[in-house]
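Beneath this line is the structure, given in structure tokens, with notes to follow.
The values are calculated or read from the model by the stated rules, or taken from the named source; none is laboratory data. Every value quoted in this text rests on a predicted model; they were computed, and no experiment measured them. Cβ: placed from backbone, ideal geometry, glycine included. Neighbour counts: every protein chain shown. Calculation scope for accessible area: heavy atoms of the full protein, side chains included, ligands and nucleic acids excluded. Shrake-Rupley method; radii C 1.70, N 1.55, O 1.52, S 1.80 Å.
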Amino acid sequence: MITLTINGLDVQVEEGTTLLEAARHLGFPIPTLCHMDGLTPYGACRLCVVEIGEGPGAKMVSSCTFPVQEGLKVRTASERVLKARRMIIELMLSVCPQSKTIQDLASKFGVRQQRFRQEFKDCILCGLCVRMCEEQMMAKAIGFRGRGESRSIGTPFDIETDVCRRCGGCMFVCPVCELRCTYNEPEKAICGGCANLVPPCVEKDQFDDMMCYMEPCVACEITKD
Amino acid sequence: MENLRSIEEFKRLQAILLEHVDTDIPTIIINAGTCGQASGANEIIRAAKSRILGKRLVDKVNLRITGCHGFCQMEPSLLIEPSRTFYPNVKPKDVERIIDAVLHNEIVENLLYKDPSSGDRIEKQEDIPFFKKQARIILGLNENVDPIRIYNYIENNGYSSLCKILEKGDPTWVVEQVKTSELRGRGGAGFPTGFKWELLAKQQNGESKYIVCNADEGDPGAYMDRSVLEGNPHSIIEGMIIGGYASGATDGIIYIRNEYPLAIKHLIIALNQARDLGFLGENILGSDFSFDIQIVKGAGAFVCGEETALMRSVEGKVGEPRQRPPFPIEKGIYGKPTVINNVETWANIPVIIDQGGAEYAKTGTDGNSGTKIFSLVGKIKNTGLVEVPMGMTINEIVYDIGGGPVGKAKIKAVQTGGPSGGCIPADKFDLPIDYDSLAKVGSIMGSGGMIVLDDNTCMVDLARYFMNFLKDESCGKCFTCRMGTQRMHEILDDISKGIGTLDQIDLLEELALAVKDTTMCGLGQTASNPVLSTLRYFRDEYVEHIQNKRCPAGVCEELIQYYINEECTACGLCKKACPEDAITGEKKVRHVIDTTKCIKCGACKSVCKFDAVETR
Ligand SMILES: Cc1cc2nc3c(=O)[nH]c(=O)nc-3n(C[C@H](O)[C@H](O)[C@H](O)COP(=O)(O)O)c2cc1C
Ligand code: SF4
Ligand code: SF4
Ligand code: SF4
Ligand code: SF4
Ligand code: SF4
Ligand code: SF4
Ligand code: FES
Ligand code: FES
């Protein structure tokens, strides 16, 4: 067993536990976006950062990937953490303002401005879909391509792939494209906007049909030509 | 080549080789590293060979083809031994005269190096200001060895350090030596090497352990690792064998970027020779220690130099950093304990074993021992690779070795540490260069890039340039690294175009601090340095771009205008060069640029011989 201190409280957990799990065990909330129980922690969104150590040696790590260490002092909501978290959310708003998950985060953490140039992307590259597809669906139909600015998600060569099971698991976990995927059930839709529109994903110019490797789409059964 | 089965056999071979070394006749040394070859070293080699063979001079003069000597600007160059005469920028037609002079123990005066400051001719390499203050314990070996001849290396004390540790027979002694040498990793972070090895030696899980030479060297403009690999591959191999012995590793890997074909070639030859002679493989020199090294070629991404990304790349996966801990020491390549060290770190190992750790630690300063190789480039007279003792001041490097500013310009800062390094303003040039002092002023040692900047360098533009590199080279996994570098670049771009706002400076700073705090690997954690350090020391330049829409250095295209000053002699060159017919002027009348037509291509400025075209 490993003993560490989180926000001043001592906690004993098993070796190999992550800081996120330990903090949640104590009831300290830490926001996450790219984390999901049952999938390997990846550390992509950085929303779960916490501060560890003391004095000038204190630093920030992503709690979903960082393993507990004996005697470690952890702060989950220090000034430094809150400031960084707000900046991360502001950055997220600048990329995917239409995501309900991100909007909720913004309102929860009091982020009321977005000072960067506004973009409307339909993916923040959290990698949940990739891990879902590989680890739970055993399909490995989609993956990351490229690096830096040109990183993206998709099937190999962007063509429909046989390995896809058309399970919809990728769409289910995606924190960004959920609005689109409620299109077929207006009563469950967040704003219902898509019910009155041509499904966004078929308007190729504005949206790449990132989440629709399936044909017909499992959710709305639209067949692409 | 005979496989050596014992230390005695090695010593016998070394004695025989030394007996046959011809010190009576002069040697002509030709620098043929990548840079030398690019500037024509191969023609010089051909000319020298044909002269020597044609005139039957084979037993009157030796020829040695070596790797890089570091004074890039002067390539191709010749060095004569034992007189140490240095001939820069040699042309094939000069070779004949030089060889004849060497035979008669004479000097070709007008081909000697001319000091740009004093105008004097200087004969000996050691007396040239560029070389004078250097301490070339690593780079200096390059001139002594032909990299593809293992015997050459052995003649120069090569593999003696390996022999020494095998004779001692005590791995902990080796670790102790490296610890007392206080050697710190030359790959950037400056982690104490001996300490790392000790940890690896203690690792018990699993039967095999890896040691890795990190030769990914992805910083634009940095090539110190390349020059060591090309010029003295056996020193790396010997270092790694010693490291393997000390830490109980069985497998060595050299992870080298594919863009270094000459280094790869030399390494392959050197590894084969070392294996043939019995320095690698089973039961090295008859001991019970076995170790071998393989080469893995990198995919070319900058981030693959980061150790966890490197390990994944070696395993054949996408080079993407992962969370540390677990550290490579516990869980490295294929889950096995692994130590990764930089090329230059490895090259220091045989020297440390040879001199003894305590002796080695006398070079440099407390806690920052030994030397460091920098690639000195930018707005100074002498550029190239320089190796100096740790703790030398920036002033000495920039003015004494580098020869100071070019022309009338004033040096305003140096940028150290590669793309994610920082700037140090001229008023801090008495700073001794070492890991700790650089960190204190907001920069890093990095792998040793050093770019000198003068008043024609725009700091906003510089930050934008590096951020552009980083936004492309970030692996993209961390949201804050990927988007943060993109957003920082965007703001810098706005400012350089004159459409930035003062609020954006604050936003930039806020974002930079957040990126530093919330990213997973060293790339993201240092990616803000170009922004933070230019803001720290040159904030006024940012403000000038924003408030007065002016680029003080005359660099940012959108904010400058070309004009012709009173130096104009009306030669008309610029008029001919202008693609837009924007320049008008008669004979003997100062020419004028029509700014409404000018597309700011800069052609006029570069053709004018009288510095009459300026920007404002
Ligand atoms: C983005 C990034 C790139 C790096 N590139 C290199 C490199 O090209 N060569 C190198 O030796 N170390 C590089 N490093 C540092 C390595 O991660 C590692 O610290 C080093 O190889 C350890 O060796 P040392 O202890 O001898 O310095 C890089 C680090 C980062 C974060
Ligand atoms: S729908 Fe296809 S791509 Fe999506 S998780 Fe299922 S198998 Fe993978
Ligand atoms: S598509 Fe959705 S789940 Fe997949 S990486 Fe992008 S944001 Fe994450
Ligand atoms: S086609 Fe796919 S992504 Fe588009 S609305 Fe239907 S389910 Fe959603
Ligand atoms: S900090 Fe940047 S380079 Fe490093 S893992 Fe994160 S995204 Fe990749
Ligand atoms: S090239 Fe220079 S000197 Fe000649 S006309 Fe143009 S500005 Fe004048
Ligand atoms: S900058 Fe180019 S376009 Fe402008 S005046 Fe000079 S040569 Fe002509
Ligand atoms: S939840 Fe930890 S980085 Fe995304
Ligand atoms: S002299 Fe230029 S690389 Fe060596």
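Loop-resident GluC sites (Glu not before Pro) (DSSP state other than H, G, I, E or B) in region A:27-108 with no more than 12 further Cβ atoms inside 10 Å of their Cβ: A:Glu54, A:Glu70.
Taking the DSSP bridge list for the protein assembly as shown and keeping only pairs wholly inside it, about 65 percent are antiparallel. The simple Förster model, with R0 at 56 Å and r as the Cβ-Cβ distance, assigns B:Asn395 and A:Thr5 a FRET efficiency of 0.75.
Taking 17 Å as the straight-line reach from the Cα of B:Lys196, the aspartates and glutamates in range (excluding those fewer than 8 positions away in the same chain) are B:Glu176, B:Glu182, B:Asp251, B:Glu306, B:Glu307, B:Glu330, B:Glu344. Within region B:1-23, list the residues whose amide N lies under 20 Å from a label point set 7 Å along Cα→Cβ of B:Asn283. So the set is B:1-13. Please work out the FRET efficiency for the pair B:Arg616 and A:Ser150, using the Cβ-Cβ distance as r and a Förster radius of 41 Å; give the result to the nearest 0.05. So the FRET efficiency works out to roughly 0.65. If r is the Cβ-Cβ distance from B:Val108 to B:Val607 and R0 is 41 Å, what FRET efficiency results, to the nearest 0.05? Result of the calculation: an efficiency of 0.75.
Accessible surface of B:Ile495, taken over heavy atoms with a 1.4 Å probe and every protein chain present, rounds to 0 Å².
Mind pulling the angle between the C-alpha long axis of helix B:502-517 and the longest principal axis of chain B? Nearest 10 degrees, somewhere in 0 to 90. Tilt of helix B:502-517: around 10 degrees. Remark on region A:88-165: hydrodynamic radius 14.2 angstrom, per the Kirkwood mean of 1/r across alpha carbon pairs. The angle separating the long axis of helix B:343-355 from the principal Cα axis of greatest extent in chain B is about 50 degrees.
The Cα-based radius of gyration and maximum Cα-Cα distance (Dmax) for region B:429-497 are 14.3, 40 Å. Taking all protein chains as shown and a probe of 1.4 angstrom, B:Ser290 keeps an accessible surface of around 30 Å². Any chance you could give the angle, 0 to 90 degrees and rounded to 10, that helix B:7-20 forms with the longest Cα principal axis of chain B? Around 60 degrees separate the two axes.
Above 49 angstrom, tally the Cα pairs of chain B and express them as a % of all pairs, no decimals. Here the tail beyond 49 Å accounts for 17 percent of pairs. The mean number of Cβ atoms from other chains found within 10 Å of a Cβ in peptide B:508-520 is 6, as a whole number. For the residues of A:91-104, the average number of beta carbons from a partner chain within 10 Å of their own beta carbon is 2. Taking the centroid of alpha carbons for each part, region B:556-571 and region B:293-345 are 51 Å apart. Both chains summed, the buried accessible area for A and B stands near 2900 Å², from protein heavy atoms and a 1.4 Å probe. Annotation: Cα Rg of region B:292-415 relative to the compact-globule expectation 2.2 N^0.38 Å equals 1.40.
Fraction of C-alpha pairs exceeding 21 angstrom in region B:262-365: 53 percent, rounded to a whole number. Taking all protein chains together and rolling a 1.4 Å probe, A:Thr32 ends up with roughly 40 Å² accessible. On region B:38-129, 49 percent of the accessible area sits on carbon and sulfur atoms, based on a 1.4 Å probe. By the helix-only formula, in which each DSSP H run with n ≥ 4 contributes -39500 (n - 2.57) and the sum is divided by residues, the protein assembly as shown has a 222 nm mean residue ellipticity of -10000 deg cm²/dmol. Residue pairs exceeding 18 angstrom between C-alpha atoms, taken from B:Lys410/B:Lys440; B:Lys93/B:Lys132; B:Lys297/B:Lys317; B:Lys164/B:Lys362; B:Lys297/B:Lys331: B:Lys410/B:Lys440; B:Lys93/B:Lys132; B:Lys164/B:Lys362; B:Lys297/B:Lys331. Shielding by partners for peptide A:56-62, expressed as the average number of C-beta atoms from other protein chains within 10 Å of each residue's C-beta, is 3. Globularity index of region B:1-126 is 1.21 (Cα radius of gyration / 2.2 N^0.38 Å, N = number of residues). Taking only the C-alpha atoms of region A:1-60, Rg followed by Dmax gives 12.1, 36 Å. Per residue, the accessible area of region B:4-91 comes to 47 Å² when a 1.4 Å probe rolls over the protein heavy atoms. The Rg/Rh ratio of region B:393-474, with both radii computed over alpha carbons and Rh defined as the Kirkwood radius, is 0.97. Residues B:Glu143, B:Glu198 ordered from highest to lowest accessible area at a 1.4 Å probe: B:Glu198, B:Glu143.
Quarter the surface of the alpha carbon convex hull of the protein assembly as shown and you get the mean projected area, 42.0 square nanometres.
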